[in-house]
Amino acid sequence: MNMRSFKMLAIIASLALGGIGSGLLTSCKEKIDESNLYTFTGETIEDYLNNRSDQYSSFNYILKRIGYDKILSAYGTYTCFAPNNDAVNHYIDSLYNDMSNKDLPRNGMTQPGLDGLTDSLCTDIALFHLLNTKVMGVYMGNGMTIKTILGRDINTETDTISGNVLISRSALITSMDNELVNGVLHEIDHVITRSNLLISGELESHKDIYSLFSQALIRTGLADSLSAQEKTGLNAVGNETKYWVPEKCELGYTIFAETDEVFKAHGINSIDDMAAYANSVYAECATPGSGWYDYARRHNKTVSTGTDYENPWNALNMFIRYHIVAYKMPWDRLLYDYNQTAKVTLVEYYETMLPYTLMKMTRNSGKRMLNRWVENNSLTDRVAELGTAGIHQVRFEGVELSGQSQQIASVNGYIHPINDLLTYNENVPKGALNERMRFDDTALLGEMMSNSIRGMTNAEVKAHADAGDNYNRVRFPSNYFDNLVVYNGDDTQLRYLTKDEGNYSNYQGDEFLCIGNYDFALRLPPVPDGTYELRLGYTANGNRGMLQIYLGTSSELTDMQALDIPLDMRHVPSASSTEENPDPVTGWCPYAATDDQGIQSDANMHNLGYMRGPLYYTVGKGGATLARANREDLRRIIAKRHFEQGEYWLRFKTVIIDDKAQFHLDYIEFCPENVYNSISLVEDMY
C-alpha cells in the first residue's frame, strides 16, 4: 500500500470507527478506489439507505453498529443487497427464537429486536450483504457464485415463479441495478441466510431429503473427517510486482448425494439395504485378474462386505467416498463455459475421495451428467469433425444432477443432489474414462476451486488488490497448493492470469504461469491402468523459457527421471511456414492451407513429438481464430508409456538462469493407446 493510501485509510478509519475496535478494517482489508473519494455528484449507497429510512432503517442500523455507514458514504466500488425493514425484523426474531444451539441459545442475542444483536452478529449480517466489486443484477440470472466481504459465498439463480433473481434460495431481488456513486444497490425481500454448519452437519440438518446418505456418512466415520476449513502457515511472498496475494487458503468439500427418494426408487430403504447394494458393486472390484479397480487390485486390497463400515476398504465406505470431492464447487463452477467452440461438449474430470479414482462431468442439453459414457469418444470417421452419430452410441446416459436451485451450501462446501445411484463400477474406467482426457491446469489444484480463484474475472481480482496497485493477476505462496511442490522457495513464482485479462489463446481462457528460476513438481490426475500419450498444452512465445521435464511416482527429487531433451517454449513456428516448408522444430504449418486439412502434417508433427492446438477452443472468447490455427498453440508429447492408477508427479525445472523467464502450463492430456493408435478410426482434432 502506498503512503498516500495508507494515510487516507487511517483518516477514514478514525472517522468511521471511532470507539469500535480497529480489527474490522484489518480483517476485511478494504481496498480504496480513490477516484470516487469525496467527489460525489449523486447518492452514495449510504445516502440511498438513509434517504429511504422508512424502508431501510433497520439494515442501516446494523451498518452503523460496525461503522460501515461511513465506509458506504465515502469511497469505493461496492454492491449492496439491501433487505427492507420487514425482512430484517423477521430475521432478527428468528435468531432470538432459535434455541437449537444449546451452547449459544438465541444465537447470543441479549434481548428481542435490533438492540439485542451482538457486534459479531451485526458484522456477519452486514458483510454478508456487501461485495467489494460492482455486480449488476442483469448478469446474475444465469447463476453466479459471488464472494462477499464476509468471505463467504452467495449463489444466484432465476426464481422460476417470479422470474426475478434469487439470492441463495432465500432473498428475491425486488428492485435491481440501482446505480450509485460508489457502486450498485439491489433491494431484496429477505435477509440472505447463511449456514454455520460444516458440510456433514448441513447434510444431517436436511433429514427430510438426505436421511439415508447422512446416516451412511456417520456410520462410515466420514462425517467427522469432513471438517477442514482453512490451510494455515502460508509462506511469505516477496511481491515486488504488487499482484494480489491471497492471505488465506480455504479448504472444503463437494458431495454428490442421492436423496431418500432416489434410494427408495432403487429399493434402498435402510443402511442395510445400502450396504447390500454397495457389496453388489464393489465386492469383486479388486479381485486378482478380473477386478476393474486397478489401484486396489494391484495393491492386493481386500474389500470387506461386512459391517465394519469405518474400514476404508469396506464396500459401503467405498460407495460413500466416491461421492465426495475434497474441494468446494458450487453449481456454476462445476463446468467452465468460456471460449470453447459450439460443437463440443463441456467436460471436467475430478478426483474423488475413493483413492485414485476420477469422476467425469459433462454438460449435455443443459444438463450436468456424471460418468456419461459415449462409445468411441475422442475418435472420428470424418475430417476435422467430431464424427457421424453412428459411431458415438450412448452406452450410459450418466447420473444427472438435479439442478442449481437444489444445491445446498455449508460453511465448508456444497451438496448437490443426484437422480441416480453413483458408483465407480466397471463401466467408469473401461467406458466413461476410456477417452482422451484433457485437464485444465487449475483443475489439478483443488485450492483454486475452493477459493473461487479458478475462472475469476479481471474485476474480481482487482477488488482484492491493494489500493494503488490495481493489478489483475494473482501470485501464490509457494505452499498454497497440496498438489504442487516448490523446491526452491521464492525463486519459483506461481502466478495466475484471468480469462478476460487479454485475448489469450488458452483452454478456458485463463493462464497459470511460473516466473523466474523455477523448479517445482505437479501431481498428475490418477488415470486407469493403460498405455497413454501424456501431453503438455502450452502457448509458445519469446518470453517463455527452456525447461527439463521429469516424471516420478512421488514428489521426492530422487524419484524423478528426466523425459526427453529440454523443451524450449520460446520457439514459435514461423508465420512463413508452409506445407512444403514446415517449421523444422515442430513440423507446424497452416492446416487450413493444406489439401487434407492438415492430416499429413499432423502425422509429421506427431513424429517430431508435437501436435497443433485443438479445435476445441478459440483465441479469446468468441474469437474467430481456432487454437488449431494459431501457431503459438502447441502440444508437446512428453511421454508415451504405461501408467498405473496411482501416484505420478511431473517436475519442471528451468535450464536457463533468467529470473524473468516464464513457464506456461495450460492443460494436461492423457490420451489412451486405443485412441491415438486406433485401427478403424482416428483421434478427432478437438
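The values are calculated or read from the model by the stated rules, or taken from the named source; none is laboratory data. What you see is a predicted model, and the numbers here were worked out from it, not measured in a lab. Please note: Cβ atoms are built from the backbone with ideal geometry, for glycine as well, and neighbour counts cover all protein chains shown. Remember, those area values only see protein heavy atoms, side chains included, never the ligands or the DNA or RNA. Shrake-Rupley method; radii C 1.70, N 1.55, O 1.52, S 1.80 Å.
Observations
- Residue in the stretch 479-487 that is within 30 Å of Tyr676 (Cα to Cα) and buried (at least 21 other Cβ atoms within 10 Å of the Cβ) present: yes
- Neighbours by Cβ (under 8 Å, 6+ apart or cross-chain): first from the stretch 280-298, in contact (Cβ under 8 Å) with a residue 60 or more places away in the chain and within 12 Å of Tyr424 (Cα to Cα); second part of a loop (DSSP other than H, G, I, E, B) and aliphatic (A, V, I, L, M): Tyr282/Val303; Cys285/Val303; Tyr293/Ala286
- One residue from Tyr327, Tyr356, Tyr338, Tyr350 being touching a residue at least 24 places away in the same chain (Cβ under 8 Å), surrounded by 21 or more Cβ atoms within 10 Å (Cβ to Cβ) and either part of a loop (DSSP other than H, G, I, E, B) or touching a Lys or Arg at 6+ places or on another chain (Cβ under 6 Å) (or both): Tyr327
- Residue check for Ala257: touching a residue at least 40 places away in the same chain (Cβ under 8 Å), open to solvent by 30 Å² or more (accessible area, probe 1.4 Å) and under 20 Å from Ser227 (Cα atoms): no
- The set of residues in the stretch 521-548 being hydrophobic (A, V, I, L, M, F, W, C) and open to solvent by 10 Å² or more (accessible area, probe 1.4 Å) consists of Met546 alone.
- Inter-residue pairs, beta-carbon under 8 Å, first open to solvent by 40 Å² or more (accessible area, probe 1.4 Å) and in the stretch 72-95, second aliphatic (A, V, I, L, M) and not in a helix (DSSP H, G or I), 6+ apart: Thr77/Ala463; Asn84/Ile188; His90/Val191
- Residue in the stretch 671-678 that is among the hydroxyl-bearing types (Ser, Thr, Tyr), open to solvent by 40 Å² or more (accessible area, probe 1.4 Å) and in contact with a helix residue (DSSP H, G or I) (Cβ under 9 Å, 6 or more places away or on another chain) present: yes
- Subset of the stretch 131-145 (residues that are outside any loop (DSSP other than H, G, I, E, B) and surrounded by fewer than 17 Cβ atoms within 10 Å (Cβ to Cβ)): Val138, Tyr139
- Cβ pairs under 8 Å, 6+ apart, first in the stretch 589-605 and of a type in the set (Phe, Trp, Tyr), second not in a helix (DSSP H, G or I): Tyr591/Gln597; Tyr591/Gly598; Tyr591/Arg612
- One residue stands out among those in the stretch 146-167 that are of a type in the set (D, E, K, R) and farther than 25 Å from Glu230 by Cα: the one that is surrounded by the most Cβ atoms within 10 Å (Cβ to Cβ), which is Glu157.
- For the stretch 35-50, a residue qualifies if it is at pLDDT below 95, of a type outside the set (Phe, Trp, Tyr) and open to solvent by 60 Å² or more (accessible area, probe 1.4 Å), and the qualifying residues are Ser35, Thr39, Thr41.
- Of all the residues in the stretch 382-423, those that are touching a strand residue (DSSP E or B) at 6+ places or on another chain (Cβ under 8 Å) and at negative phi number 28.
- Matching residues, the stretch 373-404, being open to solvent by 50 Å² or more (accessible area, probe 1.4 Å), out of contact with any His (no Cβ under 7 Å at 6 or more places or on another chain) and more than 17 Å from Arg363 (Cβ to Cβ): Asp381, Arg382, Val383, Glu385, Thr388, Ala389, Gly390, Gln393, Arg395
- Sole residue being of a type in the set (Ser, Thr, Tyr), free of Cβ contacts under 8 Å to residues at least 24 places away in the same chain and part of a loop (DSSP other than H, G, I, E, B), chosen from Ser120, Ser214, Ser162: Ser162
- Any hit, the stretch 227-241, residues being over 30 Å from Leu150 (Cα atoms) and at pLDDT 95 or above: no
- Picking from residues in the stretch 359-372 that are more than 26 Å from Glu447 (Cβ to Cβ) and open to solvent by 40 Å² or more (accessible area, probe 1.4 Å), the one that is modelled with the highest pLDDT is Lys367.
- Inside the stretch 165-186, residues that are of a type in the set (D, E, K, R) and assigned to a strand (DSSP E or B) make up a count of 2.
- Selected residue [farther than 21 Å from Arg635 by Cβ, within 20 Å of the chain's Cα centre (by Cα) and open to solvent by less than 10 Å² (accessible area, probe 1.4 Å)] from Phe476, Phe512: Phe476
- The set of residues from the stretch 146-159 being assigned to a strand (DSSP E or B), closer than 15 Å to Gln404 by Cβ and of a type outside the set (Ser, Thr, Tyr) comprises Ile146, Asp153, Ile154, Asn155, Glu157.
- In the stretch 659-684, the residues that are closer than 29 Å to Arg475 by Cβ form Cβ pairs under 9 Å with partners that are polar (S, T, N, Q) and outside any loop (DSSP other than H, G, I, E, B), at six or more places apart or across chains, as follows: Asp659/Gln493; Ala661/Thr654; Phe663/Thr654; His664/Thr539; Asp666/Thr539.
- Enumeration of residues in the stretch 641-670 that are crowded, with 16+ Cβ neighbours inside 10 Å and over 22 Å from Pro429 (Cα atoms): Leu650, Arg651, Phe652, Lys653, Thr654, Ala661, Gln662, Phe663, His664, Leu665, Asp666
- Test: residue in the stretch 94-104 that is part of a loop (DSSP other than H, G, I, E, B) and under 23 Å from Asn132 (Cα atoms): no
- Residue within the stretch 622-637 that is closer than 28 Å to Tyr295 by Cβ, open to solvent by less than 30 Å² (accessible area, probe 1.4 Å) and outside any strand (DSSP E or B) present: no
- Number of the condition not met by Ser225 [criteria: (1) open to solvent by less than 10 Å² (accessible area, probe 1.4 Å); (2) closer than 22 Å to Ser304 by Cβ; (3) under 29 Å from the mean Cα position of the chain (by Cα)]: (1)
- On the stretch given as the stretch 82-134, residues that are touching a helix residue (DSSP H, G or I) at 6+ places or on another chain (Cβ under 8 Å) and basic (Lys, Arg) total 2.
- Filtering the stretch 261-290 to residues that are polar (S, T, N, Q), part of a loop (DSSP other than H, G, I, E, B) and modelled with pLDDT of 95 or more leaves Asn269, Ser270, Thr287.
- The number of residues in the stretch 553-603 that are among the polar types (S, T, N, Q), open to solvent by 70 Å² or more (accessible area, probe 1.4 Å) and either assigned to a helix (DSSP H, G or I) or in contact with a His (Cβ under 7 Å, 6 or more places away or on another chain) (or both) comes to 2.
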